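Presented below is the structure to which this report refers.
The values are calculated or read from the model by the stated rules, or taken from the named source; none is laboratory data. Keep in mind it's a predicted model, so treat the numbers as computed, not measured. Note that each Cβ is placed from the backbone with ideal geometry, even for glycine, and that neighbours are counted across all protein chains shown. These area figures cover heavy atoms from the full protein model, side chains too; ligands, DNA and RNA do not enter into them. Shrake-Rupley method; radii C 1.70, N 1.55, O 1.52, S 1.80 Å.
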Amino acid sequence: MKNHIVLFEPLMPANTGNISRTCAGTNTTLHLIEPLGFSTDDKMLKRAGLDYWDHVEIVYHQDLETFITYLAGRRLYLITKFAPQIYTQADLADPSVDEQFFLFGKETTGLPEAFMQEHKAQCLRIPMNDTHIRSLNLSNTANIIIYEALRQQNFAGLDGIHHYRDTDKSRRLNW
């Protein structure tokens, strides 16, 4: 199964850079719905993604409507704190699904309310105490969701053990 992380009008290059690193490490495609609050040439974005940016499959979409057309019936989940269903309750390893997309809202305003109402059955949330905070960090949230999907999929396509290369001499373990 192919997983996709979709960012709706992201504003902060560091978040997008961190998410791109996760995408590179998990074989996940990153979709960016415009307008973006930064240039993808931005130094902060590349710094957050380090040398991984070139290893991420990135798809740009002109707007939310264009993205929905692109989906063409593929599975979509909206990640929002307003969802009744917790992300661990969803079957993210359904063998009848070839591709699934996890849509995350803008850092400041989330996803459009009318859009969430239209897709209420596809909304998932991460439980949190919202008495103390308004929201979780976008890149942390994306990591939680994609790793739950991968866990349910038995981490298919990912190496279970990291192997040091000869160039990693400063980080070699002696065991």
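Within segment 58-87, how many residues are exposed (fewer than 14 other Cβ atoms within 10 Å of the Cβ) and more than 30 Å from Ser39 (Cβ to Cβ)?
Final tally of qualifying residues: 4.
Looking at this structure, is Ala142 under 18 Å from the mean Cα position of the chain (by Cα) and small (Gly, Ala, Ser)?
yes
Please list, ordered by first then second residue, the pairs with beta carbon atoms under 8 Å, 6 or more apart or interchain, first in segment 135-148 and in a helix (DSSP H, G or I), second loosely packed, with under 15 Cβ neighbours inside 10 Å and modelled with pLDDT of 95 or more.
As it stands, the answer is Glu148/Thr88, since those pairs meet every condition given.
From the list Arg125, Arg74, which one is basic (Lys, Arg) and touching a residue at least 40 places away in the same chain (Cβ under 8 Å)?
Going through Arg125, Arg74 in turn, just one is basic (Lys, Arg) and touching a residue at least 40 places away in the same chain (Cβ under 8 Å): Arg125.
Looking at segment 1-102, what strands (runs of 3 or more DSSP E) fall wholly within it and have at least 3 residues that are under 23 Å from Ile144 (Cβ atoms)?
Output list reads 2-8, 29-33, 75-79.
Taking segment 126-162 as the region of interest, how many residues are among the basic types (Lys, Arg) and crowded, with 17+ Cβ neighbours inside 10 Å?
Let us first name the residues in segment 126-162 that are among the basic types (Lys, Arg), namely 134, 151.
Those left that are additionally crowded, with 17+ Cβ neighbours inside 10 Å: none.
Within segment 126-162, residues that are among the basic types (Lys, Arg) and crowded, with 17+ Cβ neighbours inside 10 Å number 0.
If you check Ala121 against the conditions, is it modelled with pLDDT of 95 or more, open to solvent by 70 Å² or more (accessible area, probe 1.4 Å) and among the aliphatic types (A, V, I, L, M)?
yes
Report, by residue number, each residue of segment 124-141 that is modelled with pLDDT of 95 or more, under 20 Å from Asn18 (Cβ atoms) and touching a Leu at 6+ places or on another chain (Cβ under 8 Å).
Ile126, Leu138, listed by residue number.
Considering every residue within segment 24-39, establish whether at least one is modelled with pLDDT under 95 and open to solvent by less than 20 Å² (accessible area, probe 1.4 Å).
No, segment 24-39 contains no residue that is modelled with pLDDT under 95 and open to solvent by less than 20 Å² (accessible area, probe 1.4 Å).
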